[in-house]
Amino acid sequence: MKSISAIVYTSNTGYTQRYAAMLGRAAGLPVHRLGDAALPRGTAVVYLGWLCAGGIKGLKKARSHYNVQAVCAVGMAPASPEYASKLSGQNRLKGAPLFYLQGGYSPARLTGIYRPMMALMGKVVSRAPAESERERAMQEAFSKGGDWVSEAQLAPVLEWLQV
Ligand SMILES: Cc1cc2nc3c(=O)[nH]c(=O)nc-3n(C[C@H](O)[C@H](O)[C@H](O)COP(=O)(O)O)c2cc1C
């Protein structure tokens, strides 16, 4: 087992929190919301954050407090190796592995600026003709919402952790 001491996460509508709890249970590690003061600085952690316009929420702050050894990005887009590698480049992971987990989308749970942002993105996505199964899935996700959280998606993370 890798020497990770905790799971730390940031979640807005609850999907990342569910993955963090599942991962903590499966790996036998404590789970903390980023910003709760319970962990000493420099603790080796796996960080999970939700995706906001390609950026992993809270990653910068997590890195400034902890030794982030691996990162899970939780988004609404269907998983694909291309998307994971794009996110990995965009978020400058400095060698830490990135795992993409498809979370969920609940427009009713959004507050503040996120609601109009997603309404706009939904319009843009649904106006363009879907040219692939992936684009069709994104249009449906925007129009209906969805919950894609599953234990199975954590398998590569657990494998990396060697639990
Ligand atoms: C403003 C905004 C931007 C988003 N950008 C992305 C994105 O770039 N890629 C993606 O896959 N999902 C994106 N999403 C969807 C969320 O990442 C997804 O709903 C995630 O499961 C939310 O996790 P949470 O419930 O822990 O907050 C975005 C959501 C919002 C509100």
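A compact table of results
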read-out	value
Residue count, region 95-118 (criterion: more than 10 Å from the ligand (Cβ to nearest atom), without any contact (Cβ under 8 Å) to a residue 60 or more places away in the chain and either closer than 30 Å to Trp160 by Cβ or in a loop (DSSP other than H, G, I, E, B) (or both))	3
Candidate set: region 119-163, residues that are charged (D, E, K, R) and outside any helix (DSSP H, G or I); chosen: the one nearest to Ala70 (Cα to Cα)	Asp147
The listed residue being within 13 Å of the ligand (Cβ to nearest atom) and over 30 Å from Ser126 (Cβ atoms), out of Arg92, Arg33, Arg18	Arg33
Evaluation of Leu93 against (1) at pLDDT below 95; (2) loosely packed, with under 14 Cβ neighbours inside 10 Å; (3) under 24 Å from Ala62 (Cα atoms) (one fails), failing number	(2)
Asn67 being crowded, with 17+ Cβ neighbours inside 10 Å and either in contact with a strand residue (DSSP E or B) (Cβ under 6 Å, 6 or more places away or on another chain) or under 28 Å from Ala37 (Cα atoms) (or both)	no
Qualifying residues in region 64-85 (those that are assigned to a helix (DSSP H, G or I) and in contact (Cβ under 8 Å) with a residue 12 or more places away in the chain) - the one farthest from the ligand (Cβ to nearest atom)	His65
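The values are calculated or read from the model by the stated rules, or taken from the named source; none is laboratory data. These numbers were taken from a predicted model, which means no experiment stands behind them. So basically every Cβ, Gly included, is an ideal-geometry build from the backbone, and we count neighbours across all protein chains shown.
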